[in-house]
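Structure record follows, encoded as structure tokens.
All of the numbers you see were taken from the coordinates with simple rules; none came from a lab. A quick note: this is a predicted structure, and the numbers were derived from the prediction, not measured. Here the Cβ is made from the backbone with ideal geometry for all residues, glycine too, and neighbour counts use every protein chain on show.
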């Protein structure tokens, strides 16, 4: 957490926690009438170095005129900044001018379109992980490395640097397998099926997932309907040793912290950055100790990747970087034309998953099929499983109830939460969206379905979301329900209903044309 | 100030001014326990639309846990946000999810390396001027248009859009002349000489200047030692009509507001962006009603422009854009190898300027010569002044005392402040930096001189700065003072002294080699 500052002197103030959540950016607050403010020649939004307790952090300065917030000789610290310094309320803190981190010179070279060396990328990533970049500098890095602006070696160096800048787990055995999807497909909760299938087979699959940021549910949000997911790392490790797998939130493990910082600025810009995506995903997997990975790249008009040529190009980049990091990678290009399963939202997706595990006849067939195929690919990392036999093995584990038993064991180990999959509690306020005309469903817009589910309250309201009644190829008649929106309060129901009225996301073709067959293996 | 938002509903809260200065970014504060926070599904750093009083602004959300700052049903607004809404304390305000402005789609196209149309650039600039871009989006725009990433027509459209997005002055006569320097050379206060010379000749030169942002003094900071510079626009207009010129701060006139917003993020990155520089300077001049402009581009190893080929390329871009905006432009490439004049810092530079105007034998010859030559070029915009006679005319106006009389009249009109140019009050804490060896001064680092003057307190402490005793080509002996640092408090003196110890910015060559002649006309 140390940083360079050329100021020879600094000024001592009293540290005060100001309960303002500034997300990933450190902010400190100084009164305009504080003598240190004038003496140091600070400006609002200056970058300052704050030190206490033998730690130093960089922060952005906000200047406070309001006398209620902090005293004249206080330095207010946002919650994250306070935590990073590890001080007690009222402890002495020192503040000084901060120099931009040295790696900013490399950032400028990248902005100018030059190629960076491994050492330069490492220095940048360490500064990012150490919270030494401002939000503006982070945005500059994200934009300068967007699209295909990083060549494949730069992506490799970025991924390696992200691993080096954080903690790296070593499970002491191999293979350690994992399964990941690049995202963008609502309802696509295959991990919650793949993990118990693979763990039931005895392979080590310590799966940590993110919570949803822009989607209506992440695996961690869905699993949270069934069990605790925020576990201290040592407990997680014991669970994985005992049960060969887990389904937990990855935020507690400090893996690839630079990636977390970068995501805080890249998400709001929603840029298409293959290099950043590859480095982000592979660095997290390698840091988590994975040796083998099955990666799902869904593509389709409203998926993250629209066309097969883009999907192929992305696949090659993943393969190049993984190979050079020593990670065995099996990439699967899958059908991303529509949501997977029926439910979109934590509880709705948990219901779908448990229907599949319980071999319920009502279980969504597409979710089951996709999970079996992905699990089969993971199982084939086992030297004793013959090529092509993975899917059969996965089906056997699922149909026999062994996968369900494994998930139940993992749930008990993580800490069970009550959930009735046959009669799940869903948001009580509902609105049904119906077909405008007779015809065949020819397209479903993933982005709109996700947006409507989010407006309905998912994932924050875990019982909110969208329950889909049709898929591409289904014949519908005018007035027939396409999906039901669930919400837990009237304003959220109204947001979602209004959005669905604007455009409900389903294309119904009345000409009688049947859409072409799925162009892919799933 | 209107914006698009797709949320059908919004929630009413009580508006509270929170005395936190967030510079150019609107920030609003919402308590974590506020029911609206959860209902709307906001996150820290979400972009929200705040409306009241028939105005709407976009702002970034900070989530507050501290119960002292605002009440549970309050919406706290940073000072700038509060001012923009134009509401009274305690007025009802509505908050809703904000959609990214539509022009973000064009921004993404630019990030992807595409060429933007005039309409797209206009939409982006209007959104920027309306504070509808987040700091992250602004940084993205700045990076995507850096270097030579804008072609010359895009630069033209950017400049035109910046004019269209703000107020434009019309003086009702022509020519309206101006003089501008791209900056980067400490002590270079020629405007304070050019304006009185040109105004004394009777030409209209309504000069507004910026305050220093990264330099130790801007023209507005230096003029502020002699007179009021923050004048309401109508008063400024009366002064210009009466005296044919002024020397004021330009911030009150709302000219090219998009440029002000962009500068707030581009300065911290210190990127080299010719397109942004050209659009910024020319939009401000055209918006201020100028019809004729003399532009000074100093170049040298530590100037903004390092080499003559870069200076020539920049000159062509200025000429292309100015020509298409109907602005008569005369570009001067000047010697930027070292500071101009002796003083660096507001009072020190004001002293130099008044020495020149008073024909003091001690006046810095380089400042006098450069100002005469630039003033001569401006005077030649007068159809009655023959080509090549401008410098003679300028010298006559200066030597006769008419320029001094004109500056005195402008000072009285703007509001005189006491200043004794023969015995100016300078920062009482001093430190002299001496030559390490015998030899000839072969280089002076503009960046280090500026930095040392800033650390000494300039421009905030107006009597602080650096007083230079030598120029390139001077012979010095070991221990001879190179310059004196002036400061007003010990910690600032210590900052500057420490920096000068690290590297004082002067290169003294003991081999007896005499540096080559100045490569330029000044």
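A few points about this structure:
- Helix-only [θ]222 nm of chain A, DSSP H runs n ≥ 4, -39500 (n - 2.57) each, per residue, nearest 500: -11500 deg cm²/dmol
- Spherically averaged projected area in nm², based on the convex hull that wraps the Cα atoms of region A:38-131: 7.5 nm²
- Inverse of mean 1/r across different Cα pairs in chain A, Kirkwood, Å: 24.8 Å
- In percent, rounded to a whole number, the relative contact order of chain A is 14, using alpha-carbon pairs under 8 Å and six or more apart.
- Highest mean packing comes first when the peptides B:101-111, B:428-438 are listed by Cβ atoms within 10 Å, giving B:101-111, B:428-438.
- Averaged over residues, the count of other Cβ atoms within 10 Å places the peptides B:133-140, A:357-364, B:119-126, A:378-385 in the sequence B:133-140, B:119-126, A:378-385, A:357-364, highest first.
- Gap separating the Cα centres of region B:304-361 and region B:205-224, nearest whole Å: 14 Å
- Computing FRET efficiency as 1/(1 + (r/R0)^6) for residue A:105 and residue B:365, where r is the C-beta to C-beta distance and R0 is 60 Å, gives about 0.95.
- Scattering from the protein assembly as shown was approximated by placing one identical point on each alpha carbon and applying the Debye formula without solvent; log10 I(q)/I(0) at 0.05, 0.06, 0.08 1/Å stands at -0.37, -0.53, -0.88.
- Chain A: angle of helix A:191-200 to the longest principal axis, Cα-based, in degrees nearest 10: 80 degrees
- Dimensionless Rg ratio for region B:148-249, taking C-alpha atoms and the 2.2 N^0.38 Å reference: 1.19
- Theoretical FRET efficiency, 1/(1+(r/R0)^6), r = Cβ-Cβ of residue A:147 and residue A:503, R0 35 Å, to 0.05: 0.80
- Å³ per residue enclosed by the Cα convex hull of region B:254-378: 133 Å³
- Once the Cα atoms are used to define both axes, helix B:233-243 deviates from the longest principal axis of chain B by about 20 degrees.
- Our Cα-only numbers for region B:314-455 put the radius of gyration and Dmax at 18.5, 54 Å.
- Taking only the C-alpha atoms of region B:103-183, Rg followed by Dmax gives 14.5, 44 Å.
- Plainly put, the tip 7 Å out from Cα toward Cβ on residue B:428 is 7.5 nm from that tip on each other copy, the closest given first.
- Nearest-ten-degree value, helix A:257-269 long axis tilted from longest Cα axis of chain A: 70 degrees
- Alpha-carbon spread of region A:406-522, three principal axes, descending order, Å: 53, 39, 23
- Residue by residue along A:136-147, Cβ atoms of other protein chains within 10 Å of the local Cβ number 6 on average.
- Residue A:386-residue A:480 FRET efficiency (beta carbon distance; Förster radius 45 Å; 0.05 resolution): 0.45
- Were the residues from residue A:328 through residue A:254 laid out at 0.36 nm apart, the gain over their Cα-Cα distance would be 24.3 nm.
- For A:457-463, mean number of other protein chain Cβ atoms within 10 Å: 2
- Per-residue average of Cβ from other chains inside 10 Å of B:91-100: 1
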